[in-house]
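Accompanying notes for the structure given below.
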Amino acid sequence: MDYRRLLDLEGQVALVVGAASGIGRASAEALAAFGAKVVLADRDQEGLEAALAAVRAQGGEAEAYPLDLAARGEAEAVVERVHRDHGRLDTLVSTPAINLRKPLLDYTDEEVDRVVDLNLKGTLRLLRAGGRVMREQRGGKPHRLCLHSRPGGGAGAGGLCGHQGGDPADHAHPGRGARPFRRAGQRHRPRAHRNPPYRPY
């Protein structure tokens, strides 16, 4: 089977947030390898420039935008910029997240606010803004929303992937690893996240 043709993303635009390292950088490199024009976004400027250079060294078409996902208004601004500069958005991958590695009773309000601002609010704003752009593109190639973040859990530990076709219906997959590549036209039914039984410590 010719997987390059199966996953042909020529003519599509992908936005990868958290692209300076880890899963985000790997996603950016993979999307570019399959033909997508990739916009890398991160607040780590040095890492962002290194990731951009790596994608371009592989022959990929890419550019980089600075983004602090936890800052109010920045997620929407980046999505708007991508849409303005490229006229479309087909794939959105979001990976940034932080965790508090200490006992619950030691959490400060400031630390909790920082986690919520990034992991919840920032990610929600990004996916909401990107999803609205994708919804307006009805009738084109499939659109992809992909979230993969679980601090300390490692790759594939959790996430949310959605696939939106030519109609406004969303197809979400809680608890499954990031899968930014979907076969053109393929539909996916939601599946429940299978967690192991809860056992108190």
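The values are calculated or read from the model by the stated rules, or taken from the named source; none is laboratory data. Quantities reported herein were computed from a predicted structural model and do not represent experimental measurements. When we count neighbours, we look across all protein chains shown, and the Cβ atoms used for this are built from the backbone with ideal geometry, even at glycine. All accessible areas refer to the heavy atoms of the entire protein, side chains included, with ligands and DNA or RNA removed. Shrake-Rupley method; radii C 1.70, N 1.55, O 1.52, S 1.80 Å.
Scanning segment 53-67 for residues that are under 20 Å from Leu89 (Cβ atoms) and assigned to a loop (DSSP other than H, G, I, E, B) returns Gly60, Glu61, Leu67.
Looking only at segment 34-52, residues that are outside any helix (DSSP H, G or I) and open to solvent by less than 50 Å² (accessible area, probe 1.4 Å) come to 8 in all.
Residues being open to solvent by less than 30 Å² (accessible area, probe 1.4 Å) and within 9 Å of Ala129 (Cβ to Cβ): count how many of those fall in segment 72-89. Quick ask: steps written out before the conclusion?
Here is the first cut: in segment 72-89, the residues open to solvent by less than 30 Å² (accessible area, probe 1.4 Å) are 75, 78-79, 82, 89.
Now restrict to residues that are within 9 Å of Ala129 (Cβ to Cβ): 75, 78-79.
The total comes to 3.
Which of the following residues is out of contact with any Lys or Arg (no Cβ under 7 Å at 6 or more places or on another chain), closer than 24 Å to Glu29 by Cα and modelled with pLDDT under 95: Gly152, Gly159, Gly122, Gly139? The match here is Gly152. Looking at Leu31, Leu92, Leu69, can you tell me which residue is within 16 Å of the chain's Cα centre (by Cα), crowded, with 17+ Cβ neighbours inside 10 Å and over 20 Å from Gln12 (Cα atoms)? The match here is Leu69. Can you tell me how many residues within segment 95-113 are part of a loop (DSSP other than H, G, I, E, B) and aliphatic (A, V, I, L, M)? Residues meeting the conditions: 3. Per the listing Gln58, Gln12, Gln45, the residue uniquely among the polar types (S, T, N, Q), touching a helix residue (DSSP H, G or I) at 6+ places or on another chain (Cβ under 8 Å) and more than 19 Å from Lys121 (Cα to Cα) is Gln58.
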